[in-house]
1. Tell me the chymotrypsin sites (Phe, Trp or Tyr not before Pro) within segment 1-47 that lie in a loop according to DSSP and have at most 13 other beta-carbon atoms within 10 Å.
2. Counting Lys and Arg as +1 and Asp and Glu as -1, each charge on the Cβ, what is the dipole of the chain about the Cα centre in debye, to the nearest 20?
3. I need the phi-derived Karplus couplings for segment 59-66: 6.51 cos²θ - 1.76 cosθ + 1.60, θ = phi - 60°, integer Hz, Gly and Pro marked x.
4. Report the residue, chosen from G65, G42, G55, that carries the largest GNM mean-square fluctuation when the chain is represented by alpha-carbon nodes joined by springs under 10 Å.
5. Which one, A14, A30, A60, has the greatest fluctuation when you compute a Gaussian network model over the chain with C-alpha springs under 10 angstrom?
6. Per residue, how much space in cubic angstrom lies within the convex hull of the C-alpha atoms of segment 13-91?
7. Run a plain Debye calculation on segment 1-49 (Cα atoms as equal point scatterers, no solvent) and give log10 I(q)/I(0) at q = 0.28 Å⁻¹, rounded to two decimals, same order as the q list.
8. In terms of Cα to Cα distance under 18 Å, which lysines are near enough to K43, apart from those fewer than 8 places away along the same chain?
Amino acid sequence: QVQLVESGGGLVQAGESLRLSCAVSGRIFAFKTMGWYRQAPGKQCELVATLTTSGSTDYADSVKGRFTIDRDNAKNTVYLQMNSLKPEDTAVYYCTIATIAYTYWGQGTQVTVSS
């Protein structure tokens, strides 16, 4: 059974940094893309960053230059380094892994940025 477990969220002040982790367990076949989404209260879920099996990355315009997605294959973990955080980054952050047939989601971790 595949499980994605996020951690690293918390309450920080504007300008500070956080590093989110997503520990992946279980076997995933035909894995294509790892990603991070976020959902703020009253807003739609937003794609924040993606990382393909070839190492290509993509970011939402709102986080370009501030966030970095990477992974540690030996630890089966995906990370999201978030620098220069802003109050508008406040949201629940979800880790995802997309295969050709299905997308797995974690349970989410809350990030709150105070001004």
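1. Values: sites: F29, F31, W36, Y37; in loops: F29.
Sparse-neighbourhood loop chymotrypsin sites (Phe, Trp or Tyr not before Pro): F29.
2. Working: 10 positive and 9 negative charges, 41 e Å.
That gives a dipole near 200 debye.
3. 9, 5, 4, 5, 10, 4, x, 10
4. The residue with the greatest mean-square fluctuation here is G42.
5. Its mean-square fluctuation being the largest, the pick is A30.
6. Details: hull volume 8.6 nm³, N = 79.
So the per-residue hull volume is 108 Å³.
7. Those come out to -1.23, one per q.
8. Those lysines meeting the cut-off are K86.
The values are calculated or read from the model by the stated rules, or taken from the named source; none is laboratory data. Predicted, not measured: the structure shown is a model, and the values here were computed from it. Here the Cβ is made from the backbone with ideal geometry for all residues, glycine too, and neighbour counts use every protein chain on show. Areas reflect the complete protein model, heavy atoms only, side chains present, ligands, DNA and RNA absent. Shrake-Rupley method; radii C 1.70, N 1.55, O 1.52, S 1.80 Å.
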